[in-house]
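The values are calculated or read from the model by the stated rules, or taken from the named source; none is laboratory data. All values reported here derive from a predicted model rather than from experimental measurement. Here the Cβ positions follow ideal geometry from the backbone for every residue, glycine too, while neighbour counts run over all protein chains shown.
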Amino acid sequence: MTVENDLPGVRRRRIKVGRRVLPYILSLPALLVCIGILVPFVTAAIYSLQRYRLSQPWARKFNWGENYLNFLSDPDFWNTLKVSLVYAGTTVTLELMLGLGIALLLQRRTRFNNFVSIMLLMPLMTAPVLAALMWKLMTNSGFGILSYLVSSVGIQDFRWASSPDTALLTVVLVDIWVYTPFIMILLLAGLRSLPSQPFEAAALDGVPRTFVFWKITLPMLMPYILTATLFRLLDSIQQFDIIYAMTQGGPGDTLTVFQVEAYLNFFQSTNIGRSAALMMILWAITFVLSNIFIKNWLKLRERAN
Amino acid sequence: MLETSPLETFLRGVAILLVILFFMFPIFWIVLMSFQTNETILRIPPSFIFEPTFDNYRALITGKLETNAASLDIAFMRNMGNSVLLSVGAVLLALILGVPAAYSFARHKTRFSEDIAFTLLSFRFAPPLLVLLPLTIYFQKLGLSDTYFGLIWVYQLICLPLILWIVRGYFEDISEDVEYAYRIGGHSWFETFRKIAVPLAGPGIAAAGLLAFIFAWNNFIFALVLASADKQPVTVGALAFVTASGIQYGQIAAAIVLSITPTLLLAVYAQKYLVEGLSLGAVKG
Amino acid sequence: MTEKSLKGLQLDRIVKRYKGDTVLNGISLSVDSGSTLVLFGPSGAGKTVLLRTIAGVIEPDSGQVSINGQDMSGVDPEDRGVGMAFQNFALFPHMSAYKNIASSIEVKERSASRLDAAVRSVAELLKIDQVLDHAPRALSNGQKQRTALARALVGSPSLLLLDDPLRNVDAKLRFEMRIELPALLAQQGTTVVYVTQDYKEAMALGDTIVVMTEGNIQQTGTPAEIYLSPATIDIAKQFGDPVINLFDVTPQRDNKGQYISLSNSRIYLENGIADLTNGEYVLGIRPQALRFSSASDEESIAATVEAVTPLNEKTVTLLLTAGGRELLLSRPAGLDDPEQGPVHVSFDPSAIHLFEKDSGKRVELINTKTEAVA
């Protein structure tokens, strides 16, 4: 203990300014990214209020709500809305049921179950575009294994994504393949974090297991189910990769969900005003959903920490 | 646990088997395809037994496809290189921007910092095209449209919220006393961040980085809209490759296998943190 | 030199609020240079927040901290020249014990050899020189605690802040350290602020004890003052083991003056004090102030022995008075005293404490004396 004592407070005030401002300086880059994203967002909002076609730049002018008003009488828009909702509703419902089922199957912490759950994450870690391509190869009418299997059980002329009748089914199948593991892994973590006492008590009392599931497991799991469902719903209503890679929105306008329709509007018909208006409507939907989501998510997060 | 009847055990076994079959078969089948010539692929019924060939991989890796008619250039390896560059670049930038911000948000909660954090989070759920479409026009004006940097910057949309929210949770887990002790020991705020907070949150930062890498690698729409042909990552490249190569199914399969291998390996490596990452820190695995 | 410069630490009306809760409600106190002040109180009293405010890691909403006469407003914790040990040790898990200790002086001490000498000498003093290269997780709780102390001490800080450092160590070690620490602190000659919830620690270590509850100072005094004249019922209960005997009483008045009746004796309060008649009060007698007496002793209290608990150096007896009140009596062990049956106890009337029932505040008594009821 030979260190000379510094007089306390000698070096003071020098850092005082930095100390107050430092947290702000450190969050500055994040703020810049925020602004960098908010600028195009505002731009998109402005575009949506304009008549703006790349093919007719001279005719660009504000037409205010006209793009939105036109939607009311535009069957293509209603088709987009319908297809998006049907797609999101179908995928999330099926994925939730499947994911919950698988999570229940794998609930016990055995080495085998853990191995399976890691294996099942693979589809989720596959880029959705590449997953779509994989399924495209498997459903190829010439050599696809799935086409072969379907025809060998007697269903002839099943054309998967190429037929308007089965295109939705096909993309939903790919979506289920990719994203069911997402719900499964969240619910599995949820199931495993539930306290064991209520279940032990119910088992001791000989309560029937279906009753235990509906009255104990499900209510206790609800926060996880809600978070996983909303999370998926938010992504699913914006699905682009799988549908674009599989059919580019076709055949015809069978699968022109919001983002695909907006993409085609922008790059093919170069109708920027309509494309931006479509995105604004999708944004409004996701904004409402994400607010509900964030509330649930925060509750779960607090519990986790 | 409750005792189970033999019938139930059997049914559970069958169910798990079906689940594994459904989720694993496509990967298994594509891997098989990637080792086949077009000839065996096109055989009906499809065959499980064949003489494996590495021609597909050789063609992809050398970038030359020799057919009877002509020699064709394949840009696939460049796509792989782009993917690596874009993903690594995006993750590094997100770490440089996100980790200090996460620390400041964890330790100095203000209205301002919470607003930024939640705004960034909300970007994660906003439709990407909403931002991308105007950006194509801005990028042309700013001269970013043909640069890696422009893309890496846009990738922050996915990487930054992820890093910020996960790493913030790890910083919040560090006992404040430990940091106080270091400061009282004569170290500045920044030294404490560097020597105490970052090393202690190290595993979380690494996991968040890996996850951000996976999401950046798997991203499709950003690059589809913004990347010029020579900057395309594998996701966009593979789709273009399908159109260009037409009937070279074995190579398509091989390209898919090569493209998904990095993320699958990383996922297995980081599986302990996946649940936390996928739920942005709300659920711990 | 002003008078202030003699103070190792001075706090002036420190206020801290969290989300509307007042954690520190205008705390003012001062500590003489080189002496030890103990902050005593239940958890949630604001002791730890106060300690952190002194260290500078928490900024007060208002009020002033001065160390050795220097105003610390706006001075960063690293520039205050204090040493601090934490209740949960707060060791750096990714550094060896040596590095943990060295971290406190590595900024100031540029000479590697002097740094090494300083670390080793403090480690020797605290008997952890054998485990310096261990990581914290490889240390026992006692070693962790000593490492944390060494880290606080190594820079010879002019002000040492110890936040309940013995809280998380086992009873044996706590006992050892309670004996060792005062000598150690005296040897350092530094001003010490010591936070604890353990009254024995407070009594053993403090030159001054400050009792806090809910962000306020309840009483400040030497250990003897706190024990002999506790300012409130709560303090009387917290200092002393076994806990003080408390009875609800209502003083009466007869021709000799105000009195409190207890069994068949009356405790007369001197006329000088205010009129307490018919008010609600609490009478406290420490178990150590009670003694067995013979039945012939007129003012003694008749009781029966309910239970006897020998505790090595002392014996605690639970008694039931004729009036149905429970009494604890504590005596040095080894005395041959009744194990059961009817007994009589008496006490020195000057040893009683009286508190207002509602506020819990102490009522100062003078010249109390006991008389048997005729």
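When the criteria are applied in full, A:R109 fails the requirement of being away from chain B (no Cβ under 13 Å) and of a type in the set (K, R). Here A:V257 fulfils each of the conditions (1) closer than 27 Å to A:S117 by Cβ; (2) more than 9 Å from chain B (Cβ to nearest Cβ); (3) surrounded by 22 or more Cβ atoms within 10 Å (Cβ to Cβ); (4) β-branched (V, I, T) apart from (1). Are any of the residues in segment C:91-105 surrounded by fewer than 23 Cβ atoms within 10 Å (Cβ to Cβ), among the hydroxyl-bearing types (S, T, Y) and touching a strand residue (DSSP E or B) at 6+ places or on another chain (Cβ under 7 Å)? The answer is no, given that none of the residues of segment C:91-105 is surrounded by fewer than 23 Cβ atoms within 10 Å (Cβ to Cβ), among the hydroxyl-bearing types (S, T, Y) and touching a strand residue (DSSP E or B) at 6+ places or on another chain (Cβ under 7 Å). Could you give every pair whose Cβ atoms fall below 7 Å, whose first residue belongs to segment C:232-244 and is free of Cβ contacts under 8 Å to residues at least 40 places away in the same chain, and whose second residue is β-branched (V, I, T) and surrounded by fewer than 18 Cβ atoms within 10 Å (Cβ to Cβ), counting only separations of at least 6 or pairs across chains? Once the first residue is free of Cβ contacts under 8 Å to residues at least 40 places away in the same chain and sits in segment C:232-244, its partners that are β-branched (V, I, T) and surrounded by fewer than 18 Cβ atoms within 10 Å (Cβ to Cβ) give C:K237/C:V243. Of the numbered criteria (1) of a type in the set (V, I, T); (2) more than 10 Å from chain A (Cβ to nearest Cβ); (3) over 27 Å from C:Q187 (Cα atoms), the one C:V75 fails is (2).
The helices (runs of 4 or more DSSP H) falling completely within segment A:108-205 that include 1 or more residues that are over 30 Å from B:L265 (Cα atoms) map to A:145-152, A:167-193, A:197-204. Residues of segment C:33-57 that are surrounded by fewer than 21 Cβ atoms within 10 Å (Cβ to Cβ), within 14 Å of chain B (Cβ to nearest Cβ) and more than 20 Å from C:Q218 (Cα to Cα): C:V57 alone. Of the listed requirements (1) out of contact with any helix residue (DSSP H, G or I) (no Cβ under 7 Å at 6 or more places or on another chain); (2) at pLDDT below 80, C:T368 misses just one: (1).
When segment B:110-120 is filtered for residues that are at the interface with another protein chain (Cβ under 7 Å from one of its Cβ atoms) and aliphatic (A, V, I, L, M), the ones remaining, listed by number, are B:I116, B:L120. Counting the residues of segment C:222-274 that are among the small types (G, A, S), part of a loop (DSSP other than H, G, I, E, B) and within 30 Å of C:I209 (Cα to Cα) gives 4. The set of residues in segment C:186-215 being aliphatic (A, V, I, L, M) and surrounded by fewer than 21 Cβ atoms within 10 Å (Cβ to Cβ) consists of C:A186, C:M203, C:A204. When C:V343 is tested against (1) touching a residue at least 40 places away in the same chain (Cβ under 8 Å); (2) outside any strand (DSSP E or B); (3) more than 23 Å from C:I226 (Cα to Cα), only condition (2) is not met.
For segment C:269-290, name all the residues that are modelled with pLDDT under 80 and surrounded by 15 or more Cβ atoms within 10 Å (Cβ to Cβ). Selection gives C:L269, C:I273, C:L276. When the residues of segment C:135-172 are filtered to those that are in contact with a Phe, Trp or Tyr (Cβ under 7 Å, 6 or more places away or on another chain) and hydrophobic (A, V, I, L, M, F, W, C), the one that is nearest to the other protein chains (Cβ to nearest Cβ) is C:A148. Any idea which of (1) surrounded by 21 or more Cβ atoms within 10 Å (Cβ to Cβ); (2) under 11 Å from the mean Cα position of the chain (by Cα) is the one C:P230 doesn't satisfy? Just one mismatch for C:P230, condition (2). Does B:T147 satisfy the condition of being polar (S, T, N, Q), farther than 24 Å from A:I242 by Cβ and touching a helix residue (DSSP H, G or I) at 6+ places or on another chain (Cβ under 9 Å)? Here the answer is yes, as B:T147 does meet what is asked.
For segment B:12-36, the set of residues classified as more than 16 Å from A:L98 (Cβ to Cβ) and either outside the structural domain of B:E51 (by TED's automatic domain parsing) or part of a helix (DSSP H, G or I) (or both) consists of B:G13, B:I27, B:F28, B:W29, B:I30, B:V31, B:L32, B:M33, B:S34, listed by residue number. Taking the criterion of being outside any helix (DSSP H, G or I) and closer than 27 Å to A:T166 by Cα, the residues of segment A:253-305 that qualify are A:D253, A:T254, A:L255, A:T256, A:V257, A:Q268, A:S269. Only residues that are over 22 Å from C:V23 (Cα atoms) and more than 25 Å from the chain's Cα centre (by Cα) were counted in segment C:45-70, giving 2. Restricting attention to segment C:110-134 and to residues that are touching a residue at least 24 places away in the same chain (Cβ under 8 Å) and in contact with a Leu (Cβ under 9 Å, 6 or more places away or on another chain), the residue that is nearest to the other protein chains (Cβ to nearest Cβ) turns out to be C:V122.
Here the condition is being basic (K, R) and farther than 18 Å from C:D348 by Cα; of C:R291, C:R253, it holds for C:R253 alone. The number of residues in segment A:233-252 being assigned to a loop (DSSP other than H, G, I, E, B) and either small (G, A, S) or at pLDDT 90 or above (or both) comes to 7. If you go through segment A:250-283 and keep only what is under 18 Å from the mean Cα position of the chain (by Cα) and under 22 Å from A:W177 (Cα atoms), you end up with A:L255, A:T256, A:V257, A:F258, A:Q259, A:V260. Of the residues in segment C:59-72, how many are surrounded by 20 or more Cβ atoms within 10 Å (Cβ to Cβ), part of a loop (DSSP other than H, G, I, E, B) and more than 7 Å from every other protein chain (Cβ to nearest Cβ)? Residues meeting the conditions: 1. Has segment A:203-215 got at least one residue that is within 12 Å of another protein chain (Cβ to nearest Cβ) and touching a Pro at 6+ places or on another chain (Cβ under 7 Å)? Checked segment A:203-215: no residue is within 12 Å of another protein chain (Cβ to nearest Cβ) and touching a Pro at 6+ places or on another chain (Cβ under 7 Å). Restricting segment B:90-109 to residues that are within 8 Å of another protein chain (Cβ to nearest Cβ) and within 24 Å of A:F293 (Cβ to Cβ), the residue that is farthest from the chain's Cα centre (by Cα) is B:F105.
Just checking, does segment A:189-197 include any residue being buried (at least 18 other Cβ atoms within 10 Å of the Cβ) and more than 9 Å from every other protein chain (Cβ to nearest Cβ)? Checked against the condition, which is being buried (at least 18 other Cβ atoms within 10 Å of the Cβ) and more than 9 Å from every other protein chain (Cβ to nearest Cβ), segment A:189-197 yields at least one hit. Of the helices (runs of 4 or more DSSP H) lying entirely inside segment B:164-262, those carrying at least 1 residues that are more than 11 Å from chain A (Cβ to nearest Cβ) and touching a Lys or Arg at 6+ places or on another chain (Cβ under 8 Å) are B:176-184, B:189-192, B:202-218. Got at least one residue in segment A:212-229 being in contact (Cβ under 8 Å) with a residue 24 or more places away in the chain, surrounded by fewer than 23 Cβ atoms within 10 Å (Cβ to Cβ) and in contact with a Ser or Thr (Cβ under 7 Å, 6 or more places away or on another chain)? No, segment A:212-229 contains no residue that is in contact (Cβ under 8 Å) with a residue 24 or more places away in the chain, surrounded by fewer than 23 Cβ atoms within 10 Å (Cβ to Cβ) and in contact with a Ser or Thr (Cβ under 7 Å, 6 or more places away or on another chain).
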